[in-house]
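Working notes for the structure below.
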Amino acid sequence: MKNAQELIKLNHMKVTKGRLAVLQYLIDTGEPLTIENISLGVGFLNKVTVYRILDIFVSRGLVYQTDFRKGKAYFEFQEHHHHHVVCTVCGYKEEIAACISPAILKSVIKETRSFSSIDRHMLEFFGVCNKCGVSKNNY
């Protein structure tokens, strides 16, 4: 298990009680959470403070931010880079290792003409889980 204090120091940030609490909560839960979930779980920080802490963590690459199309951002500490498949019926999330290839990233940079690099991405897949029924798709 990762030590929140060490991770914060490794990312050249000041160690504060709030940062420690937020990061340790994300490490301990091991799943994507909303700001509301994190604020309730930590207990002593309001949502604005949690948002500010998460914004710093995301900008440093310490926490991954994603969107499961429910109108809220989700935040997750990831020991290894991964994405998710999300059920559009019940919201069940499953972690997957599939990711964007370096060739696709090069293609994106070439196509934009205005970017010299890509520093992060969001990739989530949506479908219907086995519990909710078999999805009719043509893949």
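Results, tabulated for the structure shown:
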item: Within the stretch 93-108, considering residues that are in a loop (DSSP other than H, G, I, E, B) and more than 19 Å from Gly30 (Cα to Cα), the one nearest to the chain's Cα centre (by Cα); result: Cys99
item: Some residue of the stretch 85-92 being surrounded by 11 or more Cβ atoms within 10 Å (Cβ to Cβ), under 17 Å from the mean Cα position of the chain (by Cα), not assigned by TED's automatic domain parsing to the domain that holds Leu20 and not hydrophobic (A, V, I, L, M, F, W, C); result: yes
item: Checking Val86 against (1) under 30 Å from Cys132 (Cα atoms); (2) free of Cβ contacts under 8 Å to residues at least 12 places away in the same chain, the condition it does not meet; result: (2)
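The values are calculated or read from the model by the stated rules, or taken from the named source; none is laboratory data. Computed from a predicted structure; not experimentally measured. Here the Cβ is made from the backbone with ideal geometry for all residues, glycine too, and neighbour counts use every protein chain on show.
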